[in-house]
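What follows is calculated from the coordinates using simple rules that are stated; it is not laboratory data. On a predicted model such as this, the values are computed, not experimentally measured, just so you know. No Cβ is skipped: glycine too gets one built from the backbone with ideal geometry, and neighbour counts run over all protein chains shown.
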Amino acid sequence: MKTKKSTPNGLKEIEKLKKLEEKYLFQNYKRTELYLSHGEGAYVYDLEGRRYLDFLAGISVNSLGYNHPRIVDIIDNQGKKLIHSSNLFYHQYQGLLAKKLTEISGMSRAFFANSGTEAIEAAMKIARSYGKSGKRKGKTKILSLNNSFHGRTFGALSITAQEKYQAPFLPLVPDVEIIEETTVTALKKAFSDDVCALVLEPVQGEGGVFPVKAAFMRAARELCDRYDALLIFDEIQCGLGRTGKWFGFEYFDVRPDVITLAKSLAAGYPLGAVLGNKKVAGVLKPGDHGTTFGGGPLACRLALEVISVIEDEGLIANAKKQGDYLVKGIRAIGKRFAAVGEVRGMGLMIGTEMGSDAKEVFNRLLGKGIIANVTHDTVLRLIPPLVITKNQCDEFLEMLYAVLGNIESSRA
């Protein structure tokens, strides 16, 4: 980490920012004492000039890192032309983006929203509409998995099966059933003729980075087919190259009916998407669903450029290569330090069990200039930009080793 002495003016600015937020914002975020200024590549800088290697990437958003020249050019160019137009009219880029996303996913149709949560809401509406159409008429139950995270609005929260998120806001949307165990037996037991959809993350992110088992995925597809229900994959965090493939579901040889996307789709500019196959292509009629901002010209043009950069720079292959390298390195460190438990994930979506040490490891890494994340209270989560290099992975591994050594020494 490049350090720089704190200046009186810098400290005053930080204190001013903190007081403004404390006075005027709802206090719904538990913030870390880090005041960011700008970024370059895989690094971000705080207001006092300190540099941090970012292994969080804006929670899987900044897949191209920071200040990528092609993204900056698009913002400058399109910003001078047309930022917003409304979905009452056509613009140049929404159709092009829908075509590209359906091509790489194998889907047939797209709808654009502003966020992952809104993409989930749209997917739930598609599921309910599908369950009431044709001869189905009254299929309304939506199944979700325990330990899942799908968003914070009432619909998305209803299928987010973690008590800490749901409890303050009960009652939630009805006709949702949580499958408590991620087993084929439990899955079969949950299905009935009332089910219109099963929603799951191929890799549970906020729940601790748990890839779903292949047998479970195959059973999910078979049961959805048997009961004429939709299989919906939430790829908001694990999609768009993060796992070392375009989509996490590609590891399982199972195809969904609906996919939700967001986070890295437009390089930090708000954009979510729902992709559907031919089965659901005609489910939403004019007036059934809509959005003011979703799919605007700047957002869509940015997303097209993100996909193009991922292809041109070989970032999917890089995610697989660097992810495998990190997992191997962390497991090697785990042979030296007992604090390191199970290491799991796909590509550049990695979770390491660290029990009660996870938060201390996070804080000490931050002190050494590494931004990581703790999820599910006990898991150190790594979701760095897809542009991360081997040298930067080595930088992280060296710091992790040092941090764990310092913790061990402090307890001796």
(request) May I ask for the percentage of alpha-carbon pairs in the chain that lie more than 31 Å from each other? (result) 41 percent
(request) Return the distance in nm (one decimal) between the two label points of a simple spin-label model at Tyr35 and Leu82, each offset 7 Å from Cα along Cα→Cβ. (result) 4.1 nm
(request) Of the listed pairs Lys213/Lys278; Lys30/Lys125; Lys213/Lys285, which have alpha-carbon separations greater than 28 Å here? (result) Lys30/Lys125; Lys213/Lys285
(request) Starting from the Cα of Lys132, draw a straight line to each of the aspartates and glutamates and keep only those under 13 Å, dropping any in the same chain fewer than 8 residues away. (result) Asp193, Asp194, Asp228
(request) Select from the range 192-249 those chymotrypsin sites (Phe, Trp or Tyr not before Pro) which occupy a DSSP coil region and have at most 16 other Cβ atoms within 10 Å, ordered by residue number. (result) Tyr227
(request) Would you kindly work out the equivalent ellipsoid of the range 71-312 from its C-alpha gyration tensor and give its semi-axes, the square roots of five times the eigenvalues, largest first in whole Å? (result) 30, 19, 17
(request) Calculate for the chain the 222 nm mean residue ellipticity that helices alone would give, adding -39,500 (n - 2.57) per DSSP H run of length 4 or more and normalising by residue count, nearest 500 deg cm²/dmol. (result) -12000 deg cm²/dmol
(request) Enter the angle in degrees (range 0 to 90, nearest 10) between the Cα long axis of helix 69-79 and the first principal axis of the Cα atoms of the chain, meaning the one along which they spread out most. (result) 60 degrees
(request) Provide the per-residue ³J(HN,Hα) series for the range 89-104, in order, calculated from phi with Karplus coefficients 6.51, -1.76, 1.60 and θ = phi - 60°, each as a whole number of Hz, with x at glycine and proline positions. (result) 10, 8, 9, 6, 10, 5, x, 4, 5, 4, 4, 5, 5, 5, 5, 6
(request) Among the GluC sites (Glu not before Pro) in the range 340-412, which ones are in a DSSP loop with at most 15 other Cβ atoms within 10 Å of the Cβ? Mind listing them? (result) Glu342
(message) Compute, for the range 71-312, the length of the dipole vector about the Cα centre, with Cβ point charges of +1 (Lys, Arg) and -1 (Asp, Glu) only. Units Debye, rounded to 20.
(response) 700 debye
(message) How many angstrom lie between the Cα centre of the range 304-336 and the Cα centre of the range 235-284?
(response) 19 Å
(request) Could you pull out every one of the aspartates and glutamates with an alpha carbon less than 13 Å from that of Lys368, ignoring same-chain neighbours closer than 8 positions? (result) Asp54, Glu360, Glu395, Glu398
(request) Using per-residue counts of other Cβ atoms within 10 Å, averaged over each peptide, order 36-44, 178-186, 252-260 from highest down. (result) 252-260, 36-44, 178-186
(message) Tell me which trypsin sites (Lys or Arg not before Pro) from the range 290-354 have a DSSP coil assignment and no more than 10 other beta carbons within 10 Å of their own.
(response) Lys335
